[in-house]
Amino acid sequence: MGMIGKRAQIMIVQMAEYIFDNHNIDVMNTKRRYEPVVISRAALFNACRGLMTSTQLGKYFGMNHATVLHHQKNHDALLMLDYYRQLYFALMHIRAEYDDVAKQYHDDVLKELDELKREHGILQYKYERLKEQYEKVNS
């Protein structure tokens, strides 16, 4: 399996710097199994998914490919954690600068989020009106 391309290496370094600058966690130079490090590394691995193999990514971090696959398998469950979810989307934002497919996905997710916020506002409004009517009838 070949080495990771220069562009992907620059992206990984930028992601690692983001994690360090914003969360003071060094995912590059520690093998510790401290939960914030593990979760941060999982977010980075999953943000890189599809750009390189698990073997390439594992080798780059001095780990076994099984570790990368483990984090990929747990991605959906990890998304339930606020920290992981916010970090993953921040890293995907970085990836979007390097990858057109990720950029399109990122843009689509933002459009979907805006639509959900709009729908939420409409439902909130309807709820408030129904609540007022209910309280009028039952007072």
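Every number in this text was worked out from the coordinates using simple rules, so none of it is lab data. Computed from a prediction, not measured in an experiment: that's the story for all the values here. Heads up, the Cβs are rebuilt from the backbone with ideal geometry, glycines too, and the neighbour counts pull from every protein chain shown.
Taking a ≥ b ≥ c as the square roots of the eigenvalues of the Cα gyration tensor of the range 1-42, is the shape rounded (a/c under 1.5), prolate (a/b larger than b/c) or oblate? The shape class here is oblate.
The C-alpha atoms of the range 76-139 occupy a region whose extents along the principal axes are 59, 23, 14 Å, arranged from largest to smallest.
Only alpha carbons enter this Debye calculation for the range 57-100, each as an equal point scatterer, and the log10 of I(q)/I(0) it gives at q = 0.16, 0.17, 0.21, 0.28 Å⁻¹ is -0.54, -0.61, -0.86, -0.97.
A full extension of the chain between ASP107 and LYS31 corresponds to an added length of 24.0 nm, given 0.36 nm per residue minus the alpha carbon distance. The Cβ shell under 14 Å around GLN124 holds other residues with a net charge of +2, Lys and Arg each +1, Asp and Glu each -1. Straight-line cross-link partners of LYS136 among the aspartates and glutamates, defined as a Cα under 18 Å from its Cα and at least 8 positions apart when in the same chain: GLU128. Treating r as the C-beta distance of GLN86 and GLN124 and R0 as 30 Å, the FRET efficiency rounds to 0.80.
When the listed pairs LYS31/LYS73; LYS73/LYS126; LYS31/LYS117 are checked against a 31 Å cut-off, the alpha-carbon distance exceeds it for LYS73/LYS126; LYS31/LYS117. Full extension of the segment from LYS136 to GLU115, taken as 0.36 nm per residue of separation minus the current Cα-Cα distance, would add 4.4 nm.
GNM remark for the chain: springs join alpha carbons under 10 Å apart, and the peak mean-square fluctuation among LEU44, LEU113, LEU78 falls on LEU113. By the equivalent-ellipsoid construction on the alpha carbon gyration tensor, the range 31-82 comes out with semi-axes of 17, 13, 8 Å, ordered largest to smallest. Our summary of shape: the Cα atoms of the range 1-73 have principal axis extents of 32, 24, 18 Å, ordered from largest down, in whole angstrom. Values of log10 I(q)/I(0) for the chain across q = 0.09, 0.17, 0.18, 0.22 Å⁻¹ run -0.37, -0.92, -1.01, -1.41, by the Debye formula with one identical scatterer at each alpha carbon and no solvent.
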